[in-house]
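Worksheet: one structure, shown below.
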Amino acid sequence: MDNIFILTLILAGYLFVIGYLGYCGYRKTKTTLDYLVAGRSIHPYIMALSYGATFISTSAIVGFGGTAAFFGMGLLWLTFLNIFVGIAIAFIVFGKRTRHIGHNLDAHTFPELLSKRFQSPFIQGFGGLIIFLLMPLYSAAVLIGAARFLEATFTIDYNMALLIYTLIICAYVLAGGLKGVMYTDAFQGSIMLIGMTLLLIFSYTKLGGVTVAHQALTQLSAQVPEKLASLGHTGWTSMPKLGSNFWWTLVSTIVMGVGIGVLAQPQLAVRFMTVKSSKELNRAVLIGGIFILMMTGVAFTVGALSNVYFFNHPEFGKISLLAAGGNIDKIIPIYVNSAMPVWFVYIFMLTLLAAAMSTTSSHFHTMGTSVGRDLFDRYILKGKKGSYSVPITRVGIVVGVLITVLLGYKLPGSIIAIATAIFFGLCASVFLPAFIGALFFKGMTKTAAISSMLVGFLGTAFWLFFIHQKESAALGLCQFIFNKPTLVGYPWVVVDQIFVILPLSALTAIIVSLFTKKLPREHINDCFKHVK
Amino acid sequence: LGIKDPQIWLAYLLCVLSTLFCIIYGMVNWNKG
């Protein structure tokens, strides 16, 4: 890094703008009338980028960008699901009903929505507990992505980088709360859009143009290490061999786990409930689609193309994975620092800071509300309004941050995409059948919702501890009890739980609904009032 | 464009088509709701 002083100035300017926008948001929400008017006149660009910037984090850019350098352009299937499922279906099909039913039931959090829809306090407590205890895994992945880039850019110790990043984000979340989050998110989303557009243009220019770059990447297939080829790797511009270890990992864990799991993300679903009209959801689809294409589409394409840069560069002379010393999470940071002009490294630094802050602020807030609203308000105050729930929420945020940082220090290398996929897959298996039932099936019963959530949670835990070899071997419980790393053979050891546990959870919801007591008709009518 | 695997091309095509769908849906329903 040539000039730390200039970067520090840019960083200070960025943080000043964030502070100013937070203050603007605070000023505009002083009265209920202001709140309503601001809500009606808020620009859809802000709404869409707020959602997009929360959805896309350093996990997508650094973690999954590095994963694309490892697996190749097959990750573009995830980009397709991110746009079609994560934006089109999420906004058009799920968003409008979530907003209406959330408003009808006066729900403030995702577990509260499910709890009130199925008249079950257990669902709110169980959902809140899962979010509070397991969301730090995803948050840690986001933090690691940011810290890895800081480490490569400033050449400072990774642990120090993690601490600096956490302190900046923690100060922002605790001081700012929810005020102005949409404005700051939109600003951060705009920076991300500029940064990723420039990254795509520079990468193709550096490699001689689109066709030349792709041809060079295709020709690199001869450089696939023998070990990876034996697992099904066929090169970076083709899918892995059908049914191979690599194919199952790419398709079931990376593409399906994250692509479907996005529908049941608590921090994203709750945003539909804070939108003031369905008109904004319609408008946000347009901007959100373009935003996600430019985020994940660019990250995955550039990640794969980084192999050409590293292989042709005299200093490296090898593929991305080897150039990064075997740590996938370091590929994008090393690539940007090595291949891009210094001024762009500054821009990209802000891009990642923005991506991390906009996502992590929502995570920390969701963790806090899961303690303050879903556990404390529901079980201690029994739904009564009290003055203790906000301090408890803040305590929840601080504890959530501490768990996240601890995981950031303890998690191994090449973990970002895996940790993200585990959390997304878990949310899908635990929440998605109950969420779909809550929005679309009036006949789904309370017992069915609870049963499907328990099957999803226990099934996922069983799969991670005893079946999916990557996690079961690392966790060691299966080895301890049965003296072997996994209970089953190929291909189940590489099939993600979302292929088995999610269908099982959905089937449980359907079967139990057929044989258990329906919810009162008046309650169902209240839930679906104004829902078309 | 230097890519031979039809599965990768299909992914590219679906990315573009789904983005176009989002753009058209947003434009058609801009004032609805």
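Yes or no, residue by residue, for (1) hydroxyl-bearing (S, T, Y); (2) surrounded by 24 or more Cβ atoms within 10 Å (Cβ to Cβ):
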| site | (1), (2) |
| --- | --- |
| A:T237 | yes, yes |
| A:G243 | no, no |
| A:W247 | no, no |
| A:G257 | no, yes |
| A:P266 | no, yes |
| A:N282 | no, no |
| A:G289 | no, yes |
| A:I292 | no, yes |
| A:M295 | no, yes |
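Can you confirm whether A:I89 is out of contact with any strand residue (DSSP E or B) (no Cβ under 6 Å at 6 or more places or on another chain), more than 9 Å from chain B (Cβ to nearest Cβ) and open to solvent by 10 Å² or more (accessible area, probe 1.4 Å)?
yes
Can A:V493 be described as without any contact (Cβ under 8 Å) to a residue 60 or more places away in the chain, open to solvent by less than 40 Å² (accessible area, probe 1.4 Å) and part of a helix (DSSP H, G or I)?
Spelling it out, A:V493 is indeed without any contact (Cβ under 8 Å) to a residue 60 or more places away in the chain, open to solvent by less than 40 Å² (accessible area, probe 1.4 Å) and part of a helix (DSSP H, G or I).
Any idea which residue in the range A:288-298 is nearest to A:L75 (Cα to Cα), counting only those that are at the interface with chain B (Cβ under 7 Å from one of its Cβ atoms) and touching a residue at least 24 places away in the same chain (Cβ under 8 Å)?
Filtering the range A:288-298 for residues that are at the interface with chain B (Cβ under 7 Å from one of its Cβ atoms) and touching a residue at least 24 places away in the same chain (Cβ under 8 Å), the one nearest to A:L75 (Cα to Cα) comes out as A:G297.
Say we look at the range A:92-106 and pick out the residues that are closer than 15 Å to A:I524 by Cα and among the hydrophobic types (A, V, I, L, M, F, W, C); which of these is surrounded by the fewest Cβ atoms within 10 Å (Cβ to Cβ)?
A:L105
Test A:G261 against the criterion of being buried (at least 24 other Cβ atoms within 10 Å of the Cβ), away from chain B (no Cβ under 14 Å) and within 24 Å of A:G65 (Cβ to Cβ), and give yes or no.
The answer is yes for A:G261.
For the structure I just gave you, tell me whether A:G325 is open to solvent by 40 Å² or more (accessible area, probe 1.4 Å) and of a type in the set (G, A, S).
So A:G325 fits the description; yes.
May I ask you to list the residues in the range A:508-532 that are of a type outside the set (D, E) and more than 15 Å from A:I450 (Cβ to Cβ)?
Across the range A:508-532, the qualifying residues are A:L514, A:P520, A:R521, A:H523, A:I524, A:N525, A:C527, A:F528, A:K529, A:H530, A:V531, A:K532.
Within the range B:18-27, track down each residue that is open to solvent by less than 90 Å² (accessible area, probe 1.4 Å) and more than 7 Å from every other protein chain (Cβ to nearest Cβ).
Within the range B:18-27, B:L20 is the sole residue that qualifies.
Regarding the range A:61-79, can at least one residue be identified that is of a type in the set (A, V, I, L, M) and open to solvent by 10 Å² or more (accessible area, probe 1.4 Å)?
no
Just one of (1) modelled with pLDDT of 85 or more; (2) within 11 Å of chain B (Cβ to nearest Cβ) trips up A:V275, so point out which.
(1)
I need the full set of residues from the range A:311-344 which are of a type in the set (V, I, T) and more than 22 Å from A:H214 (Cα to Cα), in order please.
A:V342
Quick one: is A:Q219 at pLDDT below 85 and within 11 Å of another protein chain (Cβ to nearest Cβ)?
Against the criterion (at pLDDT below 85 and within 11 Å of another protein chain (Cβ to nearest Cβ)), A:Q219 qualifies.
Could you tell me how many of the residues in the range B:3-16 are more than 7 Å from chain A (Cβ to nearest Cβ) and either aromatic (F, W, Y) or surrounded by 13 or more Cβ atoms within 10 Å (Cβ to Cβ) (or both)?
Going through the range B:3-16 one residue at a time, the tally reaches 4.
Quick one: in the range A:336-357, which of the residues that are hydroxyl-bearing (S, T, Y) and touching a Leu at 6+ places or on another chain (Cβ under 9 Å) is surrounded by the fewest Cβ atoms within 10 Å (Cβ to Cβ)?
Step by step, filter the range A:336-357, then rank; the result is A:Y346.
Given the criteria over 27 Å from A:L286 (Cα atoms) and in contact with a Leu (Cβ under 6 Å, 6 or more places away or on another chain), does A:A146 qualify?
yes
Out of the range A:295-331, which residues are closer than 21 Å to A:A355 by Cα, aliphatic (A, V, I, L, M) and modelled with pLDDT of 90 or more?
A:V298, A:A299, A:V302, A:A304, A:I331
The values are calculated or read from the model by the stated rules, or taken from the named source; none is laboratory data. Because the structure is a prediction, the values reported are computed rather than measured. When we count neighbours, we look across all protein chains shown, and the Cβ atoms used for this are built from the backbone with ideal geometry, even at glycine. What goes into the accessible areas is simple: the full protein's heavy atoms, side chains included, and nothing from ligands, DNA or RNA. Shrake-Rupley method; radii C 1.70, N 1.55, O 1.52, S 1.80 Å.
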